[in-house]
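Read the structure below first, then the notes.
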Amino acid sequence: MNIIIFGPPGAGKGTQAKKMVDFYGIPQISTGDILRANVREGTELGLAAKEYMDKGELVPDEVLIGIIKNRLKEKDCEKGFILDGYPRTIPQADALATILDEINKPIDVVLNLEVPDEELVERVSGRLMCGNCGASYHRTFNPPRKEGICDVCGGELFQRDDDKEEAVKNRLTVYKRQTQPLIDYYAKKSLLVSLDGTKGIDEVFEDIKAILAKFA
Ligand SMILES: [Zn+2]
């Protein structure tokens, strides 16, 4: 089963991807991770990518797609893969369709986790982290026993700048602007399946399993 997953910040995309990895034994392919791995290992494409990264520029699509193609040809992708964070643009989606065609691994389904903005803002802006041990909490859903103090180590809890309400709203705006054209693109190809991400983690995963049953 060859899957793309979309979801705004706070929708639980990472959690669900991890559950799919564990349950189906297929890898989650994040472009950031494979890019860094190629740079580290000094592959030809990794070195090409590094030249742009060192200059603080975006890695061009043709380099990125080459890295993705090589990754998807690896043995652990035989049963399928979950693409996360890619494609981000229509040209990338077209390039992806072309290489998947070449390696005969067409996308089976595009999962789209949906959660209303107000709930995403509540989820993300309530996150707290321990500055000492990195444990995470949530003001409403998983509060520490003593306000502002880590249960584990007694360290002080803080909120990441990225998680502050205004920042979350901005991230959602950027996400939508970037992702909506892709949602429409895959809907037109009849590959898109939207999921109610307001349900509990296990319920959402049951929905995913029901959708993926026909590709297993
Ligand atoms: Zn702590």
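The values are calculated or read from the model by the stated rules, or taken from the named source; none is laboratory data. Remember, predicted model here, so these are calculated numbers, not experimental data. Cβ placement follows ideal geometry from the backbone for every residue including glycine, while neighbour counts extend to all protein chains displayed. All accessible areas refer to the heavy atoms of the entire protein, side chains included, with ligands and DNA or RNA removed. Shrake-Rupley method; radii C 1.70, N 1.55, O 1.52, S 1.80 Å.
Miscellaneous remarks
- In order along the range 49-60, the phi-based Karplus estimate (6.51 cos²θ - 1.76 cosθ + 1.60, θ = phi - 60°) of 3J(HN,Hα) comes to 5, 4, 4, 6, 5, 5, 8, x, 9, 6, 5, x Hz; Gly and Pro are listed as x.
- For the chain: accessible area per residue (Å², 1.4 Å): 55 Å²
- Ligands, DNA and RNA left out, the accessible area of the chain computed with a 1.4 Å probe is 50% carbon and sulfur.
- Kirkwood Rh, angstrom, the range 71-159 [1 / mean 1/r, Cα pairs]: 16.8 Å
- For the chain, share of DSSP beta bridges that run antiparallel, in % to the nearest 5: 35 percent
- Interatomic Cα distance distribution for the chain, bins of 10 angstrom, percent: 7, 28, 33, 24, 7, 0
- In the assembled protein chains, residue 89 presents an accessible area of approximately 60 Å² (probe radius 1.4 Å).
- What separates the Cα centres of the range 1-52 and the range 161-213 is a distance of 17 Å.
- About the centre of its Cα atoms, the range 1-157 shows a dipole size close to 500 debye [charges on the beta carbon of Lys, Arg (+1) and Asp, Glu (-1) only; nearest 20 debye].
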